[in-house]
1. At 1.4 Å probe size, with every protein chain present, just tell me what the per residue accessible area of region 123-278 comes to in Å².
2. With the alpha-carbon atoms as the only input, what is the per residue convex hull volume for region 68-161 in Å³?
3. When DSSP beta bridges are limited to those with both residues in the chain, what percentage is antiparallel, rounded to the nearest 5?
4. Count the DSSP beta bridges whose two residues both fall in region 196-266, then state the antiparallel fraction as a percent rounded to the nearest 5.
5. Roughly to the nearest percent, how much of the accessible area of region 1-127 is carbon and sulfur, given a 1.4 Å probe?
6. When only Cα pairs under 8 Å and 6 or more residues apart are kept, what is the percent relative contact order across the chain?
7. Could you compute the net charge surrounding Val176? Neighbours are other residues with a C-beta less than 12 Å from the C-beta of Val176; K and R count +1, D and E count -1.
8. What ranking do 2-14, 131-143, 227-239 get when scored by the average of other Cβ atoms within 10 Å per residue, highest first?
Amino acid sequence: MSAVAGVVLAAGEGQRLRPLTATVPKSLCPVGNLPLLDHALRRLAGLGLSGPAAVAVNAAYLAEQVVDHVGDRAHLSVEPDGPIGTSGGIARLRPWIDGRGVLAGNADAYLHDPFRDPGKDIAALLDGWSGETVRMLTKPCFPGDTGGFSGRRFAGFSLMPWRYVRDLAEVDSNLVRTVWRPAEAAGELELIAYEGLYLDTGTPADYLAANLHAAAGGVLADPSARIPGQADESVLGAGAVVEGAVTRCVLWAGAHVTAGESLTDAIRTASGLTVTTT
(Lines give C-alpha, C1' and ligand atoms only; values in the text may rest on other atoms or scores of the structure.)
Protein backbone atom coordinates (compact mmCIF):
# COMPACT_ATOMS: atom_id res chain seq x y z
CA MET A 1 0.00 0.00 0.00
CA SER A 2 1.15 3.55 -0.74
CA ALA A 3 2.29 5.79 2.11
CA VAL A 4 -0.62 7.67 3.68
CA ALA A 5 -0.83 10.86 5.73
CA GLY A 6 -3.77 11.54 8.04
CA VAL A 7 -5.50 14.93 7.99
CA VAL A 8 -8.20 16.15 10.38
CA LEU A 9 -10.18 19.02 8.88
CA ALA A 10 -10.94 21.33 11.80
CA ALA A 11 -11.05 24.82 10.28
CA GLY A 12 -14.81 25.30 9.95
CA GLU A 13 -16.81 27.97 11.78
CA GLY A 14 -19.65 25.64 12.78
CA GLN A 15 -22.30 28.19 11.85
CA ARG A 16 -25.15 25.69 12.15
CA LEU A 17 -24.08 24.97 15.74
CA ARG A 18 -24.28 28.59 16.85
CA PRO A 19 -24.52 29.94 19.47
CA LEU A 20 -22.51 27.02 20.90
CA THR A 21 -19.65 27.83 18.54
CA ALA A 22 -19.63 31.58 19.17
CA THR A 23 -16.65 31.19 21.51
CA VAL A 24 -15.56 27.56 20.98
CA PRO A 25 -14.57 26.04 17.61
CA LYS A 26 -16.78 23.18 16.50
CA SER A 27 -13.88 20.74 16.58
CA LEU A 28 -13.45 21.32 20.32
CA CYS A 29 -17.10 20.78 21.23
CA PRO A 30 -17.20 17.67 23.41
CA VAL A 31 -19.02 14.46 22.58
CA GLY A 32 -19.04 11.98 25.43
CA ASN A 33 -16.73 14.38 27.32
CA LEU A 34 -14.07 14.17 24.62
CA PRO A 35 -13.57 16.97 22.05
CA LEU A 36 -14.63 15.96 18.56
CA LEU A 37 -11.09 16.62 17.36
CA ASP A 38 -9.74 14.06 19.81
CA HIS A 39 -12.20 11.46 18.55
CA ALA A 40 -10.74 11.95 15.06
CA LEU A 41 -7.13 11.82 16.28
CA ARG A 42 -7.87 8.65 18.25
CA ARG A 43 -9.38 7.05 15.15
CA LEU A 44 -6.27 7.85 13.09
CA ALA A 45 -4.06 6.57 15.89
CA GLY A 46 -5.97 3.29 15.74
CA LEU A 47 -4.67 2.99 12.18
CA GLY A 48 -1.09 3.66 13.27
CA LEU A 49 -1.17 7.33 12.26
CA SER A 50 -0.03 9.63 15.06
CA GLY A 51 2.43 12.46 15.64
CA PRO A 52 3.31 15.49 13.51
CA ALA A 53 5.05 13.48 10.81
CA ALA A 54 1.96 11.35 10.14
CA VAL A 55 -1.05 13.51 11.07
CA ALA A 56 -1.97 17.13 10.35
CA VAL A 57 -4.78 19.32 11.66
CA ASN A 58 -5.90 22.50 9.94
CA ALA A 59 -7.37 25.43 11.82
CA ALA A 60 -8.87 28.80 10.93
CA TYR A 61 -11.86 29.84 13.03
CA LEU A 62 -10.68 30.51 16.62
CA ALA A 63 -7.47 28.87 15.45
CA GLU A 64 -5.49 29.68 18.59
CA GLN A 65 -7.75 27.38 20.61
CA VAL A 66 -7.19 24.51 18.18
CA VAL A 67 -3.43 25.13 18.10
CA ASP A 68 -3.22 25.14 21.90
CA HIS A 69 -5.35 22.01 22.17
CA VAL A 70 -3.39 19.99 19.60
CA GLY A 71 0.04 21.04 20.85
CA ASP A 72 2.74 18.73 19.50
CA ARG A 73 0.38 15.85 18.78
CA ALA A 74 0.05 16.75 15.08
CA HIS A 75 1.36 19.06 12.40
CA LEU A 76 -0.68 22.26 12.40
CA SER A 77 -1.77 24.28 9.38
CA VAL A 78 -3.34 27.64 10.21
CA GLU A 79 -5.41 29.43 7.56
CA PRO A 80 -4.87 33.05 8.62
CA ASP A 81 -7.55 34.68 6.46
CA GLY A 82 -10.35 32.31 7.45
CA PRO A 83 -11.43 28.83 6.32
CA ILE A 84 -10.68 27.93 2.71
CA GLY A 85 -12.79 24.79 2.54
CA THR A 86 -11.92 21.13 2.68
CA SER A 87 -10.10 21.19 -0.66
CA GLY A 88 -8.24 24.45 -0.03
CA GLY A 89 -7.21 23.24 3.41
CA ILE A 90 -5.61 20.11 1.98
CA ALA A 91 -3.97 22.11 -0.81
CA ARG A 92 -2.28 24.28 1.83
CA LEU A 93 -0.79 21.08 3.31
CA ARG A 94 0.79 19.84 0.07
CA PRO A 95 4.43 20.52 1.09
CA TRP A 96 3.85 18.50 4.26
CA ILE A 97 1.93 15.72 2.46
CA ASP A 98 4.87 15.44 0.04
CA GLY A 99 3.73 12.74 -2.34
CA ARG A 100 1.70 10.64 0.08
CA GLY A 101 -1.91 9.65 -0.16
CA VAL A 102 -4.27 11.49 2.19
CA LEU A 103 -6.76 9.99 4.61
CA ALA A 104 -8.90 13.00 5.50
CA GLY A 105 -11.54 13.10 8.19
CA ASN A 106 -13.98 15.81 9.18
CA ALA A 107 -13.58 16.84 12.80
CA ASP A 108 -17.37 17.05 13.22
CA ALA A 109 -17.92 13.41 12.26
CA TYR A 110 -19.16 11.13 15.06
CA LEU A 111 -18.64 7.45 14.26
CA HIS A 112 -19.23 4.41 16.41
CA ASP A 113 -18.98 0.76 15.52
CA PRO A 114 -20.03 -1.53 18.40
CA PHE A 115 -17.85 -4.35 17.10
CA ARG A 116 -14.62 -2.53 16.16
CA ASP A 117 -12.34 -0.12 17.97
CA PRO A 118 -11.78 3.37 16.52
CA GLY A 119 -9.45 3.05 13.57
CA LYS A 120 -10.23 -0.58 12.95
CA ASP A 121 -13.77 0.51 12.12
CA ILE A 122 -12.58 2.45 9.07
CA ALA A 123 -9.63 0.21 8.15
CA ALA A 124 -11.55 -0.99 5.07
CA LEU A 125 -10.70 2.37 3.51
CA LEU A 126 -7.05 1.32 3.42
CA ASP A 127 -7.36 -2.44 2.91
CA GLY A 128 -6.08 -3.42 -0.53
CA TRP A 129 -5.82 0.17 -1.71
CA SER A 130 -3.90 0.50 -4.98
CA GLY A 131 -2.89 4.10 -4.30
CA GLU A 132 -4.65 5.18 -7.51
CA THR A 133 -8.35 5.43 -6.67
CA VAL A 134 -10.34 7.80 -4.48
CA ARG A 135 -12.19 6.05 -1.69
CA MET A 136 -15.04 7.41 0.39
CA LEU A 137 -16.54 6.03 3.59
CA THR A 138 -20.31 5.87 3.07
CA LYS A 139 -23.71 5.02 4.47
CA PRO A 140 -26.94 4.55 2.49
CA CYS A 141 -28.73 7.80 1.67
CA PHE A 142 -31.75 8.58 3.80
CA PRO A 143 -35.10 7.72 2.16
CA GLY A 144 -36.16 10.55 -0.12
CA ASP A 145 -32.71 12.17 -0.21
CA THR A 146 -31.37 13.35 -3.54
CA GLY A 147 -27.73 13.67 -4.48
CA GLY A 148 -25.19 11.44 -2.86
CA PHE A 149 -23.04 8.95 -4.73
CA SER A 150 -24.85 5.99 -6.27
CA GLY A 151 -27.41 6.04 -3.47
CA ARG A 152 -24.84 6.48 -0.71
CA ARG A 153 -23.76 9.46 1.40
CA PHE A 154 -20.40 10.54 2.75
CA ALA A 155 -19.64 9.28 6.28
CA GLY A 156 -16.83 11.48 7.50
CA PHE A 157 -13.61 10.08 5.95
CA SER A 158 -12.13 9.83 2.48
CA LEU A 159 -8.88 8.54 0.99
CA MET A 160 -7.19 10.34 -1.90
CA PRO A 161 -4.08 9.53 -3.93
CA TRP A 162 -1.33 12.11 -4.35
CA ARG A 163 -2.14 12.59 -8.04
CA TYR A 164 -5.50 14.06 -7.01
CA VAL A 165 -4.01 16.13 -4.18
CA ARG A 166 -1.00 17.62 -6.00
CA ASP A 167 -3.10 19.83 -8.31
CA LEU A 168 -5.50 21.21 -5.69
CA ALA A 169 -5.56 25.00 -5.48
CA GLU A 170 -5.14 26.89 -2.22
CA VAL A 171 -8.47 28.68 -2.68
CA ASP A 172 -11.86 28.34 -1.01
CA SER A 173 -13.20 25.07 -2.44
CA ASN A 174 -14.53 21.70 -1.33
CA LEU A 175 -13.56 18.10 -1.99
CA VAL A 176 -16.96 17.31 -3.51
CA ARG A 177 -16.17 19.54 -6.47
CA THR A 178 -12.40 19.07 -6.77
CA VAL A 179 -11.94 15.37 -5.98
CA TRP A 180 -15.03 13.26 -5.39
CA ARG A 181 -17.13 14.24 -8.42
CA PRO A 182 -14.15 14.18 -10.82
CA ALA A 183 -13.16 10.75 -9.51
CA GLU A 184 -16.74 9.56 -9.92
CA ALA A 185 -16.82 10.82 -13.51
CA ALA A 186 -13.53 9.05 -14.24
CA GLY A 187 -14.74 5.75 -12.77
CA GLU A 188 -12.13 6.06 -10.02
CA LEU A 189 -14.36 6.52 -6.97
CA GLU A 190 -14.74 3.53 -4.66
CA LEU A 191 -17.53 3.63 -2.07
CA ILE A 192 -16.62 1.85 1.17
CA ALA A 193 -19.48 0.90 3.49
CA TYR A 194 -19.30 1.96 7.12
CA GLU A 195 -20.93 -0.66 9.31
CA GLY A 196 -21.47 1.51 12.40
CA LEU A 197 -23.32 4.69 13.28
CA TYR A 198 -22.35 7.96 11.59
CA LEU A 199 -23.64 11.38 12.61
CA ASP A 200 -22.66 14.77 11.25
CA THR A 201 -22.74 16.81 14.46
CA GLY A 202 -23.27 20.09 12.61
CA THR A 203 -26.61 21.00 14.18
CA PRO A 204 -27.56 21.19 17.87
CA ALA A 205 -30.01 18.30 17.43
CA ASP A 206 -27.41 16.03 15.83
CA TYR A 207 -24.75 17.14 18.30
CA LEU A 208 -27.08 16.21 21.17
CA ALA A 209 -27.90 12.90 19.47
CA ALA A 210 -24.20 12.01 19.26
CA ASN A 211 -23.73 12.75 22.95
CA LEU A 212 -26.77 10.72 23.94
CA HIS A 213 -25.46 7.84 21.86
CA ALA A 214 -22.15 8.07 23.71
CA ALA A 215 -24.07 7.93 27.00
CA ALA A 216 -25.66 4.65 25.84
CA GLY A 217 -28.97 5.30 27.58
CA GLY A 218 -27.42 6.17 30.93
CA VAL A 219 -25.51 9.01 32.53
CA LEU A 220 -21.95 9.56 31.35
CA ALA A 221 -20.41 11.82 33.98
CA ASP A 222 -16.89 13.07 34.49
CA PRO A 223 -15.62 11.93 37.91
CA SER A 224 -15.60 15.55 39.09
CA ALA A 225 -19.25 16.18 38.18
CA ARG A 226 -21.73 16.34 41.06
CA ILE A 227 -25.36 15.23 40.96
CA PRO A 228 -27.19 16.12 44.18
CA GLY A 229 -30.29 16.42 41.98
CA GLN A 230 -31.45 14.04 39.24
CA ALA A 231 -29.89 13.12 35.90
CA ASP A 232 -31.18 10.74 33.24
CA GLU A 233 -29.71 9.87 29.81
CA SER A 234 -27.21 12.73 29.90
CA VAL A 235 -23.54 13.64 29.55
CA LEU A 236 -21.99 15.73 32.34
CA GLY A 237 -18.62 17.38 31.89
CA ALA A 238 -15.87 18.07 34.39
CA GLY A 239 -17.09 20.08 37.35
CA ALA A 240 -20.69 20.15 36.14
CA VAL A 241 -23.29 20.33 38.90
CA VAL A 242 -26.91 19.15 38.72
CA GLU A 243 -28.95 20.40 41.65
CA GLY A 244 -32.19 20.33 39.69
CA ALA A 245 -33.02 17.73 37.02
CA VAL A 246 -31.70 16.96 33.55
CA THR A 247 -33.03 14.51 30.98
CA ARG A 248 -31.34 13.89 27.61
CA CYS A 249 -28.95 16.78 28.15
CA VAL A 250 -25.31 17.69 27.66
CA LEU A 251 -23.64 19.81 30.33
CA TRP A 252 -20.27 21.16 29.32
CA ALA A 253 -17.46 21.39 31.84
CA GLY A 254 -18.42 23.77 34.64
CA ALA A 255 -22.11 23.97 33.71
CA HIS A 256 -24.65 24.32 36.52
CA VAL A 257 -28.31 23.39 36.78
CA THR A 258 -29.77 25.04 39.83
CA ALA A 259 -32.18 23.56 42.36
CA GLY A 260 -35.74 23.64 41.08
CA GLU A 261 -34.60 23.88 37.46
CA SER A 262 -35.47 21.16 34.95
CA LEU A 263 -33.79 20.77 31.57
CA THR A 264 -34.80 18.36 28.80
CA ASP A 265 -33.20 17.89 25.37
CA ALA A 266 -30.76 20.72 25.94
CA ILE A 267 -27.10 21.68 25.90
CA ARG A 268 -25.71 24.00 28.58
CA THR A 269 -22.29 25.59 28.80
CA ALA A 270 -20.33 26.92 31.78
CA SER A 271 -21.45 30.47 30.96
CA GLY A 272 -25.09 29.43 31.38
CA LEU A 273 -25.82 29.46 27.64
CA THR A 274 -28.59 26.94 27.04
CA VAL A 275 -29.53 25.58 23.61
CA THR A 276 -32.67 23.47 23.38
CA THR A 277 -33.32 21.09 20.50
CA THR A 278 -37.09 20.73 20.74
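1. Accessible surface, normalised per residue, equals 44 Å².
2. 155 Å³
3. Antiparallel bridges: around 35 percent, rounded to the nearest 5.
4. 0 percent
5. 52 percent
6. 17 percent
7. +2
8. The peptides rank, most packed first, as 2-14, 227-239, 131-143.
The values are calculated or read from the model by the stated rules, or taken from the named source; none is laboratory data. Everything quoted here is computed from the prediction, not taken from an experiment. Neighbour counts run over all protein chains shown; Cβ positions are idealised from the backbone, glycine included. Heads up: the accessible areas ignore ligands, DNA and RNA and are worked out on the full protein's heavy atoms, side chains in. Shrake-Rupley method; radii C 1.70, N 1.55, O 1.52, S 1.80 Å.
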